[in-house]
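The values are calculated or read from the model by the stated rules, or taken from the named source; none is laboratory data. Quick caveat, the model's predicted, so the values are computed rather than measured. Because the Cβ atoms are built from the backbone with ideal geometry, glycine has one as well, and the counts that use them run over all protein chains shown. Remember, those area values only see protein heavy atoms, side chains included, never the ligands or the DNA or RNA. Shrake-Rupley method; radii C 1.70, N 1.55, O 1.52, S 1.80 Å.
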Amino acid sequence: MSVMNLVISLTLGIAAFWTYSHSKAEPPTKEIVCACAVVILLVSFVWFVVSAPWFLNLALLLVLMAIGR
């Protein structure tokens, strides 16, 4: 994990908190909170896969080994 990952996560968190605190919205329902959590987890997973070439190389190796059998 690089420093840029930390900066991006921190910036997004601050922006989300600032937006929520300055909006006149009602408190979110459990469904909205769960949907946001799922989206954050999916984006984090995709970010991890894209930023980790060793993971992609390992996956490619496993696929090629499975095909070669």
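Restricting attention to the range 33-44, which residues are closer than 17 Å to N5 by Cβ and open to solvent by 80 Å² or more (accessible area, probe 1.4 Å)?
Scanning the range 33-44 gives I40, L41, L42, V43.
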**Prompt:** Since W47 meets every condition but one in (1) open to solvent by 100 Å² or more (accessible area, probe 1.4 Å); (2) in a helix (DSSP H, G or I); (3) free of Cβ contacts under 8 Å to residues at least 40 places away in the same chain, which condition does it not meet?
**Reply:** (3)
**Request:** Filter the range 50-62 for residues that are open to solvent by 80 Å² or more (accessible area, probe 1.4 Å) and more than 17 Å from the chain's Cα centre (by Cα) and give the result.
**Result:** W54, N57, L58, L60, L61, L62
**Message:** One residue is enough: does the range 16-23 have a residue meeting the conditions in contact with a Phe, Trp or Tyr (Cβ under 9 Å, 6 or more places away or on another chain) and within 24 Å of N5 (Cα to Cα)?
**Reply:** no
**Fill in**
Within the range 20-32, of all residues that are open to solvent by 80 Å² or more (accessible area, probe 1.4 Å) and not acidic (D, E), the one nearest to the chain's Cα centre (by Cα) is I32
